[in-house]
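Each value in this text was obtained by applying a stated rule to the coordinates, not by laboratory testing. Quick caveat: nothing in here was measured; it's all calculated off a predicted structure. No Cβ is skipped: glycine too gets one built from the backbone with ideal geometry, and neighbour counts run over all protein chains shown.
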Amino acid sequence: MELIRNMKLGDKGNDVIELQRLLNANAVVVSSDGNFGPKTDAAVRLFQTNNHLTANGIVDANSWQILNAHAAPKPSAVKTAAQLFVEKYAPYA
């Protein structure tokens, strides 16, 4: 996911849920409730500290870049072995 927008304490919405998902994917555990409250702020600051960023709680372009670089793909983007098999061998059926 590309940078949505800068985010900070008090923000709400689906983009905050995506931020929380990325924090969890980066081993910083936080609830995915869409509310950038004190717990998400603390998680962002921990993530920023762990990644040698300015720990100001503001998710800016630098934070987004590292969050995305280290996150695992969304489950929908991961193909199962069966899907890979069908893609590879279906043309020969």
Self-check item: Peptides ranked, highest mean first, by Cβ atoms within 10 Å: ranges 13-20, 54-61
Solution: 13-20, 54-61
Quiz item: Once the piece of chain linking ASN68 and ALA55 is laid out straight, how much longer is it, given 0.36 nm per residue of separation minus the C-alpha distance between them?
Solution: 2.9 nm
Quiz item: Which value, in debye to the nearest 20, describes the size of the charge dipole of segment 1-64 about its Cα centre when Lys and Arg Cβ atoms bear +1, Asp and Glu Cβ atoms bear -1, and nothing else is charged?
Solution: 140 debye
Quiz prompt | ASN6 versus ALA27: modelled label distance in nm, points set 7 Å from Cα along the beta carbon direction | solution = 3.0 nm
